[in-house]
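Since every read-out is calculated from the coordinates, none of them should be taken as a lab result. Remember, predicted model here, so these are calculated numbers, not experimental data. Heads up, the Cβs are rebuilt from the backbone with ideal geometry, glycines too, and the neighbour counts pull from every protein chain shown.
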């Protein structure tokens with residue numbers, strides 16, 4: 001991954017505004033000014049979908065913060081042309097701390113991540129599916145959302161449709177992290193301080209979080225699997241669903 005914020009059309013403008021480069025990812029650059037940071041798309045990812053993801057991220061962080069969970073406070077999402085010409089910008093508070101990049105980090109740190117994402121499942125709604133930019137959630141039932149995933153899937157359609165009849169139909173939905181990258185958590189003295197970049201959560205069966213963990217971090221999954229009774233056939237089906245979760249986005 002090439003780190004070249006200087007080639008971006010907004011670089012000079014951000015320097016004039018007093019920001020300096022802080023970090024980067026595949027899709028974004030991060031700049032800091034005092035106790036604020038901004039996240040802005042690389043030019044190749046400067047799409048309406050990226051703009052929407054910023055709005056959804058703010059909705060997710062607000063929900064987690066309102067529930068008293070440790071999450072970075074997003075101050076504002078600026079629409080295109082408000083702060084930077086032709087780019088949307090996400091602005092949030094800056095937090096000092098340590099970020100770990102390996103999935104195979106210590107068990108103590110992984111367990112703290114698990115405790116946070118498990119606690120988030122206590123945030124409930126009576127609708128299911130993707131969180132929209134305005135905070136609404138579209139599907140009336142979990143099964144209808146699963147059928148939507150199957151319809152939009154680029155492969156595994158027969159597996160996705162055939163498995164729905166074995167899935168429980170919960171009456172309420174839970175907040176589900178869909179990205180548990182360990183680099184999205186800031187620690188201080190090896191204690192979890194805040195989660196960052198909580199992008200595109202869904203509301204669904206709270207058991208679905210185990211499939212996210214199994215798909216994204218096998219070490220963490222082995223820790224919680226040994227301490228929890230799980231319906232592995234359901235988890236494995238949800239792993240297939242997870243693999244197609246964003247095929248239509």
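Summary of values
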| read-out | value |
| --- | --- |
| Fraction of antiparallel bridges per DSSP, the chain only, in percent to nearest 5 | 95 |
| Normalised convex hull volume, segment 98-243, alpha-carbon set, Å³ per residue | 115 |
| Sequence of 190, 219 once ranked by neighbouring C-beta atoms within 10 Å, starting from the fewest | 190, 219 |
| Crossing angle, helix 232-243 versus the chain [Cα axis fit, 0-90 degrees, rounded to tens] | 40 |
| Cα gyration tensor category, rounded, prolate or oblate, for segment 179-225 with a/c compared to 1.5 | oblate |
| Rounded to 10°, Cα long-axis angle of helix 48-66 versus longest principal axis of the chain | 70 |
| Percentage, to the nearest whole number, of Cα pairs in segment 1-114 over 17 Å apart | 60 |
| Whole-angstrom gap from segment 2-74 to segment 133-173, using each part's C-alpha centre | 31 |
| Estimated 222 nm signal from helices in the chain, with DSSP H stretches of n ≥ 4 weighted -39500 (n - 2.57), rounded to 500 | -10500 deg cm²/dmol |
| Highest-MSF residue in the chain out of 86, 50, 189 [GNM, Cα springs under 10 Å] | 189 |
| Exposure proxy order (Cβ contacts within 10 Å, fewest to most) of 69, 192 | 192, 69 |
| Acute angle (nearest 10 degrees) that the helix 107-120 long axis makes with the longest principal axis of the chain, alpha-carbon atoms | 80 |
